[in-house]
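These notes are about the structure you will find just below.
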Amino acid sequence: MGNPSTTTTTTASTVAAAATAAATAAAPAASRSLYLAWTHFQRRQVSMADLAGFECVFLPLAYKGRSHLLRGLHYLRLMLRTVQVLRQHRPAVLWLQLPQFPLLWAAMLYRLLFDPALQLVADCHNAAFQAPWSRLPLGLSLLRRCTCILVHNDDMRARAQQLGLPMTRVQVLEDVPPLHRGGTRGVPVPPAFAGRPRPWVLFPGSYGQDEPIGELLAAAAMMPAGTLAVTGRRSNATRNGHDISQVPANTVLTDYVPVAELDALLAHADVVLALTRNDGIQLSVCNEALGFGKPMVMSGTPLLRALFGSAAVVVDSSDPADILRGIGQAWQARDHWGDAAESLAHQRRSRWVAEPLQRCLRVLDARVP
């Protein structure tokens, strides 16, 4: 999401993303579970917070340039800030979003100095098992000292096994959909859509290497009507090989949007796009589309089909014409696909609590002194 100029802390004890600085400053009871991430915001843990019983703390990295020296200094600052936050909260269970692995170093330093009984849950996004993070000294090797190691799907579980991680501690915990379907009353129409023709189509992206940006813009150029909004920092586009110099008139590149505006875009969107070139990636936007009850157009990778196929129009995201077909199909049958999204959101939440979350908590319970 964002990259603010200074390090800030955001807490969230409900599935809603809002929080206050006062909640962060308060010293909670020692039994509290905490989820700590070095990022501005991540939907995954905020959606899990109430169900898993933890509070979220976000400490965004202030520097994302190419200087290894400056990045290292910022990591050191965040490590010290992390230890300070942990001393304030004194959690019994600490969940960590990985990468970045220096966050794990800070947590282990805190455990060594202040609380040897602290249980660590390493929530490993796919990048943790890929270069450059997978080659970092004291990276994957330290995962063996965590109480529980989470991966997001079965493909990543197989990858963890290939890397030699202790499989008795590895658990699959998929994203869980938020529940936000409730209309748009009181939610202003965001600038990307205001006054523009419908359907309002949203691609919540980041210009990642796996995103079919060129194909998406080509599809937008063929749209007979409607508006496409694409989120994400434009500075990432060149870095990841995307040409956004020629943008169709019906397309708005929003650049970075804060969480409240992203939620407004999701609330008002008529169709949400979840597109990737790569299999093995569980797109967070899929759960966001379900949670907001939105018609979804989704890449037809085997993983996404297995997880969300019943609630999405599946397309070949390498083919602009097929992306266009999917948008039209989702718009024409929007009531059907919106209901399908809401139904699958409730199903996934119920199953998530009854099965994978309970398996994860049993690993923690088994290690409580």
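The values are calculated or read from the model by the stated rules, or taken from the named source; none is laboratory data. In this text, all values refer to a predicted model and were calculated from it rather than measured experimentally. Heads up, the Cβs are rebuilt from the backbone with ideal geometry, glycines too, and the neighbour counts pull from every protein chain shown. Note: areas computed on protein heavy atoms with side chains; ligands, DNA, RNA excluded. Shrake-Rupley method; radii C 1.70, N 1.55, O 1.52, S 1.80 Å.
Some notes on this structure:
- Largest to smallest accessible area among MET298, MET223 [probe 1.4 Å]: MET223, MET298
- Angle of helix 68-89 to the longest C-alpha principal axis of the chain, folded into 0 to 90 degrees and rounded to 10: 70°.
- Entry note: region 27-86 has Rg to Rh equal to 1.05, where both radii use alpha-carbon atoms and Rh is the Kirkwood radius.
- Each 20 Å bin, from zero up to the one with the longest distance, holds this percent of the alpha carbon pairs of the chain: 29, 59, 13, 0.
- Cα-based helix-to-principal-axis angle, 334-354 vs the chain, degrees rounded to 10: 10 degrees
- With all protein chains modelled, accessible area of LEU165 [1.4 Å, Å²]: 10 Å²
- Between helix 259-268 and the chain: long-axis angle, C-alpha atoms, 0 to 90°, nearest 10: 40 degrees
- Cα-based convex hull, region 176-231, per residue volume (Å³, whole number): 117 Å³
- For region 72-207, diffusion coefficient by Stokes-Einstein and Kirkwood Rh (Cα), 37 °C, 0.692 mPa s, µm²/s: 187 µm²/s
- Each other residue within a Cβ distance under 15 Å of VAL83 adds +1 if Lys or Arg and -1 if Asp or Glu, for a net charge of +4.
- Ellipsoid semi-axes in whole angstrom, largest first, where each is sqrt(5λ) of the Cα gyration tensor of region 134-198: 42, 15, 11
- Evaluated at q = 0.10, 0.22 Å⁻¹: base-10 log I(q)/I(0), Debye formula over Cα of region 203-318: -0.27, -1.42
- Dividing the Cα radius of gyration of region 207-254 by 2.2 N^0.38 Å, with N the residue count, gives 1.08.
- Region 274-369: C-alpha pair distances exceeding 24 Å, %: 29 percent
- Largest accessible area first, the residues TRP133, TRP105 order themselves as TRP105, TRP133 under a 1.4 Å probe with ligands, DNA and RNA left out.
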